[in-house]
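Inspection log for the structure reproduced underneath, given as structure tokens.
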Amino acid sequence: MSIVSTLNTASSGLAVTAKMTEITASNVANAMTPGYARREAQISSAVLGNVSGGVQLDSVSRRIDTMLVRSLRDTTSTLNAQQSRTEFLKAFEFLLGTADEGNSLSAHLANLERSLIEAAARPDVESRLAAAVGAAQNLTTRINEISENLRSE
């Protein structure tokens with residue numbers, strides 16, 4: 001082996017070692033970076049003719065745990081679905097209102113029930129019958145408003 005081939009072998013070894021050190025430093029520096037995948041170098045011996053010529057860097061590959069990535073995607077998908085459902089239910093709750101609000105669905109139902117009880121007690125009084133019809137119309141109007149708002153969500 002000549003001195004030139006020996007220097008070429010040493011040079012290739014140093015170049016590959018420098019690249020592997022760079023890859024290791026990058027792995028350490030980005031260890032806590034979200035989405036970063038560890039990189040690994042694949043090396044092999046370089047052969048020129050029948051004579052060993054040092055080492056060569058074949059490739060640098062990212063090491064990814066496919067099961068972990070799949071699990072992350074599934075979990076993220078489930079989380080997004082639950083967040084969408086929660087947003088819808090909050091909007092629905094807001095549209096229905098609470099019992100103490102005058103324009104809530106439960107307030108309209110209570111008003112209709114009260115009007116029907118009064119009308120049933122005295123069916124001969126026109127104003128009570130008209131109040132029951134008005135309460136029913138107000139309830140249907142509110143249901144339609146809620147329905148329209150839900151469709152636009």
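The values are calculated or read from the model by the stated rules, or taken from the named source; none is laboratory data. If you're wondering where the values come from, they're calculated on a predicted model, not measured in any experiment. No Cβ is skipped: glycine too gets one built from the backbone with ideal geometry, and neighbour counts run over all protein chains shown. Each accessible area value is taken on the protein alone, full model and side chains, heavy atoms only, with ligands, DNA and RNA left out. Shrake-Rupley method; radii C 1.70, N 1.55, O 1.52, S 1.80 Å.
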Does any residue of segment 10-20 turn out to be within 30 Å of Glu148 (Cα to Cα), open to solvent by 90 Å² or more (accessible area, probe 1.4 Å) and not charged (D, E, K, R)? no
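Somewhere in segment 121-131, is a residue in contact (Cβ under 8 Å) with a residue 12 or more places away in the chain and closer than 24 Å to Ala91 by Cα?
From segment 121-131, those in contact (Cβ under 8 Å) with a residue 12 or more places away in the chain are 128, 131; that's our starting set.
When the remaining residues are screened for being closer than 24 Å to Ala91 by Cα, the result is none.
No, segment 121-131 contains no residue that is in contact (Cβ under 8 Å) with a residue 12 or more places away in the chain and closer than 24 Å to Ala91 by Cα.
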Contact list, first residue from segment 1-30 and farther than 27 Å from Asn50 by Cβ, second anywhere and assigned to a loop (DSSP other than H, G, I, E, B), beta-carbon distance below 7 Å, six or more apart or interchain, is Asn30/Tyr36
If the requirement is being at pLDDT below 90, under 23 Å from Arg63 (Cβ atoms) and under 49 Å from the mean Cα position of the chain (by Cα), which of these qualifies: Ala37, Ala25, Ala41? Ala37
Hey, Thr24 open to solvent by less than 90 Å² (accessible area, probe 1.4 Å), outside any strand (DSSP E or B), of a type in the set (Ser, Thr, Tyr) and closer than 30 Å to Leu72 by Cα or not: yes
